[in-house]
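Structure record follows, encoded as structure tokens.
The values are calculated or read from the model by the stated rules, or taken from the named source; none is laboratory data. Just so we're clear, the structure is a prediction, and the values are computed from it rather than from any experiment. Here the Cβ positions follow ideal geometry from the backbone for every residue, glycine too, while neighbour counts run over all protein chains shown. Heads up: the accessible areas ignore ligands, DNA and RNA and are worked out on the full protein's heavy atoms, side chains in. Shrake-Rupley method; radii C 1.70, N 1.55, O 1.52, S 1.80 Å.
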Amino acid sequence: MRSLAVASPLPPAAAAVAARRRPRAASSFGREVGSQCWKYDLGQDRSLGGSLRIGQSQGSLHRQRLTNLLRPAAAAISVEQDEVNTYLPKGDMWSVHKFGGTCMGTPQRIQSVADIVLGDSSERKLVIVSAMSKVTDMMYNLVHKAQSRDDSYTISLEEIFEKHMAAAKDLLDGEDLARFLSQLHSDVSNLRAMLRAIYIAGHATESFSDFVVGHGELWSAQMLSYAIKKSGAPCSWMDTREVLVVKPSGSNQVDPDYLESEKRLKKWFSRQPADIVVATGFIATTAENIPTTLKRDGSDFSAAIIGSLVRARQVTIWTDVDGVFSADPRKVSEAVILSTLSYQEAWEMSYFGANVLHPRTIIPVMKDNIPIVIRNMFNISAPGTMICRQPTNDNGDLDACVKSFATIDNLALVNVEGTGMAGVPGTSSAIFSAVKDVGANVIMISQASSEHSICFAVPEQEVAAVSAALHVRFREALAAGRLSKVEVINGCSILAAVGLRMASTPGVSAILFDALAKANINVRAIAQGCSEYNITVVLKQEDCVRALRAVHSRFFLSKTTLAVGIIGPGLIGGTLLNQLKDQASVLKENMNIDLRVIGITGSSRMLLSDTGIDLTQWKELLRKEGEPADLANFVRHLSDNHVFPNKVLVDCTADTSVASHYYDWLKKGIHVITPNKKANSGPLDRYLKLRTLQRASYTHYFYEATVGAGLPIISTLRGLLETGDKILRIEGIFSGTLSYIFNNFEGTKTFSNVVAEAKEAGYTEPDPRDDLSGTDVARKVIILARESCLRLELSNIPVKSLVPEALASCSSADEFMQKLPSFDEDWAKQRSEAEAAGEVLRYVGVVDAVNKEGQVELRRYKKDHPFAQLSGSDNIIAFTTSRYKEQPLIVRGPGAGAEVTAGGVFCDILRLASYLGAPS
């Protein structure tokens with residue numbers, strides 16, 4: 001065996017190449033390996049420059065050689081031996097830029113990076129780069145294949161070589177291209193020899209692997225420096241293994257040695273001062289000068305450390321997004337870009353899985369108060385997100401206290417419970433000692449002040465080991481009953497609300513939990529530290545996305561975002577859709593209410609959308625893009641929608657079968673709004689079940705338009721009852737159709753002519769008998785009776801039908817209208833008798849709350865009575881109560897027509913929005 005001291009763990013030929021590249025100004029081994037050399041024990045393997053004797057000790061011999069591979073040579077020349085000027089300029093003159101693998105992914109992108117750097121007006125610039133996109137993974141794969149004795153590593157290495165050679169040829173030319181390709185050829189040749197050694201030994205140490213993997217950064221830094229120099233700007237490139245010194249600090253982590261790193265940076269800069277320095281990210285060296293890395297996301301960490309060393313004005317992290325989002329945009333499509341974040345907020349968000357920065361990246365800049373800016377290389381017009389000490393609060397709004405939301409999925413909740421835990425010192429220590437012993441990561445802890453139970457969240461793949469360890473550790477306590485159980489709850493997720501100004505701001509938690517409750521989401525556990533930077537809740541994983549959207553919507557979008565499904569786009573439903581189209585933008589701008597119609601279904605076709613139907617052309621879209629109507633699929637589409645947390649079904653039909661589904665929809669957490677009277681006037685037990693569910697949950701059921709179209713009849717009645725008034729009697733003209741008929745049944749007009757006019761004007765149903773029968777009025781009476789706490793069935797209400805008995809069996813509406821004039825003489829007689837008495841005919845419904853009964857009939861009223869003063873299709877309702885006994889409370893207005901009925905439904909939608917958090 002022969003021993004060589006070389007400037008890197010390279011074969012002899014590579015060492016010679018390295019020696020030729022060595023800067024003359026450096027009295028040490030210079031830039032190649034940070035002025036340090038390593039001892040490389042070469043065997044007799046011909047691929048390593050010698051010949052290998054095959055024998056029994058081959059495997060052990062190579063393991064020994066690889067173990068010694070990066071051991072410092074005794075003859076190494078120390079950095080401290082260089083006699084050079086160690087001046088290093090520091091301060092605001094420096095700006096630091098970091099470009100990740102995506103930014104360096106192609107020659108065109110590398111040129112764009114060069115243009116961005118040259119466009120920075122800072123006096124001095126430090127640029128940290130990652131390997132080209134996917135190259136780090138490819139390099140790790142090389143080592144893995146070589147260790148596994150998979151000789152396809154040679155093919156993979158060739159692919160890496162070709163990738164960089166092609167990029168360089170596209171990007172560079174002339175002497176710079178030749179210089180880079182010479183270096184690339186040399187490096188790849190050396191890597192081939194190293195990987196051959198790993199292949200034979202079947203093993204590579206972590207430091208050896210780190211050295212191999214770091215070549216991706218070396219190559220990208222060299223290419224970028226040459227690209228910048230093409231423009232005429234002086235530029236040097238830095239192998240940060242010469243500068244950054246780190247110490248292992250635990251599982252897959254390292255800590256920077258700032259004093260030694262600063263000393264080495266001064267030495268480096270004294271040899272190669274330049275206004276633009278391109279440095280490798282991710283790679284570093286140990287105090288013993290063994291190559292290492294800063295682990296995953298290490299390039300950001302490199303930028304932060306170097307920014308701290310030069311006291312930079314700012315560190316800019318260039319990526320492929322416009323900044324930091326208020327929530328994961330893959331889960332919340334309407335997440336917004338945050339203009340500022342505090343260091344603590346960014347730290348918290350990173351911990352909870354937000355794609356911001358690795359938490360350790362913030363530490364170096366935080367101590368020197370250096371801001372980090374996250375910007376999009378592919379959209380440089382976007383200002384990005386600034387992470388700094390204490391962002392200003394522009395508007396002072398309570399909602400601004402929460403900056404963002406983050407989630408962690410695939411967790412399990414472990415609950416350790418028992419009366420024997422209370423007041424017993426060391427219980428928590430014993431629990432978490434057992435968890436530590438199995439190497440599990442505790443994400444969140446919650447303990448009640450009673451000390452009766454402790455629960456904590458761990459990754460789901462670790463919970464089995466945790467549970468087993470706890471059962472072993474507390475076997476005696478469980479057997480003796482001091483602990484009642486060690487319970488595991490699988491399928492959990494964490495939702496965290498993060499914000500610096502949450503601290504000591506009243507109402508933040510209330511808003512958060514109110515939003516969750518109104519989205520019908522149950523919280524399993526809660527944790528909040530005294531710093532109040534975050535509030536953490538544990539939920540069922542299936543509820544997590546819906547919860548995230550509910551709270552994000554409440555704090556960041558409108559006060560309320562509602563997903564709306566319209567059933568029955570006929571006269572009323574179609575009018576409602578047009579009203580929503582005209583008013584949606586106004587509501588969003590003035591009241592912060594965002595209404596999205598994501599489904600429209602008729603009896604034959606339905607139209608579905610995940611984010612909202614264009615209401616300017618809903619009819620055309622329903623005709624062209626609609627699919628066969630299926631109510632179950634329609635409801636499923638609304639229920640399963642994860643874009644909007646709050647959903648409402650608006651039933652604009654008069655269909656009994658549709659109304660029969662209300663209970664199931666409410667139970668699913670879908671709000672229901674309807675002018676359909678069938679549910680509330682149907683069987684009493686079904687009505688009571690529906691109302692009980694409504695009162696017991698945060699799911700709302702509104703039906704104002706069932707009685708008075710757009711008139712506030714139900715809300716007025718509820719207001720009276722809820723303020724302690726007692727209903728004595730409700731009497732009114734509830735049918736706009738019948739109001740129109742009897743308001744116009746005067747003079748010489750016949751009854752049949754007036755009915756025909758009403759039908760022509762669109763006031764009646766297609767078959768006027770549906771109105772004249774009085775059934776519709778009876779349904780309204782029963783609804784008001786039940787709202788007044790009377791338990792009546794529709795069959796309990798006597799109804800005086802206006803349809804002549806002889807015409808009830810007519811086979812069609814046309815036949816009915818043809819035969820109706822034969823009864824005009826009877827109607828004329830009734831009108832004459834009323835006029836002779838100074839009265840008018842009115843068709844009314846009555847709720848007699850005192851006698852607990854109702855009735856529907858044709859009555860006569862004096863001409864000075866309010867019921868006689870109506871015109872057109874107006875409705876009028878008189879409430880006689882304990883407070884309004886002498887003078888009834890009157891509600892009067894239009895009670896028929898698509899516009900007013902749709903308007904009444906629209907009012908219920910807005911009332912729902914106010915219940916869900918919109919401003920009143």
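A straight Cα-to-Cα reach below 28 Å connects residue 263 with the lysines 39, 90, 98, 125, 229, 247, 295, 367, residues fewer than 8 places away in its own chain not being considered.
Only one residue of 492, 659, 152 has its Cα farthest out toward the positive end of the dipole of the chain, where Lys and Arg carry +1 and Asp and Glu -1 on Cβ, and that residue is 152. Where a Cα-Cα gap under 16 Å defines reach, which lysines qualify for residue 668, not counting those fewer than 8 residues away within the same chain? The qualifying lysines are 518, 540, 647, 689. The slack in the chain from residue 656 to residue 509, taken as 0.36 nm per residue of separation less the alpha-carbon distance, amounts to 48.7 nm. When each of the peptides 212-222, 486-496 is scored by the mean number of other C-beta atoms lying within 10 Å of its residues, the order from highest to lowest reads 212-222, 486-496. Placing 358, 185, 671 in order of accessible area, with the largest value first and a 1.4 Å probe, yields 185, 358, 671. Using a Förster distance of 51 angstrom, determine the FRET efficiency expected from the C-beta separation of residue 484 and residue 796, and round it to 0.05. Here the calculated transfer efficiency is 0.40. With the charge dipole of the chain set up from +1 on Lys and Arg Cβ and -1 on Asp and Glu Cβ about the Cα centre, the Cα lying farthest toward the positive end among the listed residues 446, 211, 165 is that of 211.
So for the chain, averaging the separation of alpha carbon pairs under 8 Å that are six or more residues apart and normalising by length, what relative contact order in percent results?
On the way: 1841 pairs, mean separation 71.9, N = 920.
Normalised by residue count, the contact order of the chain is 8 percent.
Within straight-line reach of residue 403, meaning a Cα separation under 19 Å, sit the following aspartates and glutamates at least 8 residues removed in sequence or on another chain: 322, 328, 334, 345, 348, 394, 514, 532.
In debye to the nearest 20, how big a dipole does segment 535-614 give about its Cα centre with +1 on each Lys and Arg Cβ and -1 on each Asp and Glu Cβ? Don't jump to the answer; show the numbers that get you there.
Values: 9 positive and 7 negative charges, 28 e Å.
Dipole magnitude for segment 535-614 comes out near 140 debye.
The C-alpha atoms of the chain define a longest principal axis, and helix 427-437 lies at about 60 degrees to it.
Using Cα atoms only, what is the angle between the long axis of helix 153-171 and the major principal axis of the chain, expressed in degrees (0 to 90) to the nearest 10? The angle comes out near 80 degrees. Positive-end ranking of 856, 788, 822 along the dipole of segment 770-858, with charges on Cβ about the Cα centre, is headed by 788.
By accessible area, using a 1.4 Å probe on protein heavy atoms only, the chain has 49% of its surface on carbon and sulfur. A simple charge model with +1 on the Cβ of Lys and Arg, -1 on the Cβ of Asp and Glu and nothing else charged puts the dipole of the chain at about 2560 debye relative to its Cα centre. Just report the Cα centroid separation between segment 182-225 and segment 239-304, whole Å. Centre-to-centre (Cα) distance: 18 Å.
When each of the peptides 299-309, 879-889, 135-145 is scored by how many other beta carbons lie within 10 Å of its residues on average, the order from highest to lowest is 299-309, 135-145, 879-889. Taking 14 Å as the cut-off, the amide N atoms of segment 825-843 that come nearer than this to a point 7 Å along the Cα-to-beta-carbon line of residue 753 belong to 825, 828. Remark: spin-label model distance residue 585-residue 851 equals 5.8 nm, labels positioned 7 Å along the Cα→Cβ axis. Once the 1.4 Å probe is applied to the protein heavy atoms, the chain comes out at 42 Å² accessible per residue. If you line up the long axis of helix 12-21 against the longest principal axis of the chain, both from Cα atoms, how many degrees apart are they, to the nearest 10? The answer is roughly 80 degrees.
Dividing the helix sum by the residues of the chain, where each DSSP H run of 4 or more adds -39500 (n - 2.57), gives a mean residue ellipticity at 222 nm of -12000 deg cm²/dmol.
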